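Quick notes on the structure that follows.
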């Protein structure tokens, strides 16, 4: 087969490549699992990023994704030092590939021939006649997009990476699972929301670095704003987009629970959720504008808006918890 491109939908969330990958390949029946999770937020000191809980394990542990991980030495033993056969055989069997590549060698990135950056990307198709590979990643100023790169560029971007870290060179194979039977777990949602509000720690099987959780983690943003004011640097817009997507999922979660009659429909409360999501969307856009203009006066506005949003958010989630607890009391 000279060309084969797997289906890829528009991602619902995409702050990071793994989120965009998951929500663009998943089937609809995975939504209950999404709604049971993606609530707690943490800050990883080692990576210097904010993310949803279990950030690095979401794809490998997702019940709606068949996930297989091959070390580079096994890839070489079967296919040699070329990705061509790896990609074509996997795609023809319905598997997406999730790999790292050095963006320095990829012409579709801003890092092309400027700076080395090892970063994930999703491979979802190929066209051998055109010698191109279909990829998706956060390439458009952080936006998750679908595009193509030459096979030669991808080969170079992958094989020139150091094997210092195995996660750089491992090749991951993903295939969405159809007809999974996953239910909403109200108690899990309540616990996650309480942990978010109370900054309670999630205990991982392996603690690889120091983390802050929930509202305590979010408070770090104010420190980042103060630092930006001192040196005139840009803000990391990813955390503001994450906060927006957190509220987007909160709105979708509430809508789903009402549609399924798990909680009583309430138009006014639904509207509160929508307004909160919009408030965070507006805040993110102010941050993006500041990063262009570097107008220092905008930083105080960002800080004030964030404080106002957090007050509204705490009240909204507390009320959400109360409604869910009423459901639990009837079980």
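Rule-based calculations on the coordinates, nothing more; no lab input. For clarity, every value in this text was computed on a predicted model and none was experimentally measured. Glycine also receives a Cβ, built like all others from the backbone with ideal geometry; neighbour counts cover every protein chain displayed.
Remarks
- Projected label distance in nm at residue 300 and residue 165, using a 7 Å step from Cα toward the beta-carbon: 4.0 nm
- Each principal axis of the Cα cloud of region 1-49 was taken in turn, and the coordinate range along them, longest first, works out to 46, 27, 14 Å.
- Gap separating the Cα centres of region 1-72 and region 286-331, nearest whole Å: 24 Å
- Contact order relative to length of region 186-330, as percent, for alpha carbon pairs under 8 angstrom and 6 or more apart: 28 percent
- Helix 237-259 axis, angle to the chain major axis (alpha carbon atoms, nearest 10°): 70 degrees
- Nearest 10 degrees, 0 to 90: helix 220-231 Cα axis against the chain principal axis: 70 degrees
- Here is the size of region 70-174 from its Cα atoms: Rg then Dmax, 12.7, 37 Å.
- Neighbour-count order for 95, 68, 196, fewest beta carbons within 10 angstrom listed first: 68, 95, 196
- Against the rule of thumb 2.2 N^0.38 Å, how large the Cα Rg of region 186-330 comes out: 1.17
- Extension gain from residue 215 to residue 69, taking 0.36 nm per residue of separation minus the Cα-Cα distance: 49.2 nm
- Likely footprinting exposure, 126, 98, fewest C-beta neighbours within 10 Å first: 98, 126
- With R₀ fixed at 30 Å, the C-beta to C-beta distance from residue 116 to residue 3 puts the FRET efficiency at about 0.45.
- Compactness ratio for region 218-303: Cα radius of gyration over 2.2 N^0.38 Å (N = residue count) comes to 1.34.
- Estimated D of region 2-106 in µm² per second, where Rh is the Kirkwood radius over Cα pairs and Stokes-Einstein applies at 25 °C, 0.890 mPa s: 154 µm²/s
- Cα long-axis angle, helix 297-330 against the chain (0 to 90 degrees, to the nearest 10): 80 degrees
- Equivalent ellipsoid dimensions for the chain as semi-axes, Å, which come from the Cα gyration tensor, largest first: 36, 26, 18
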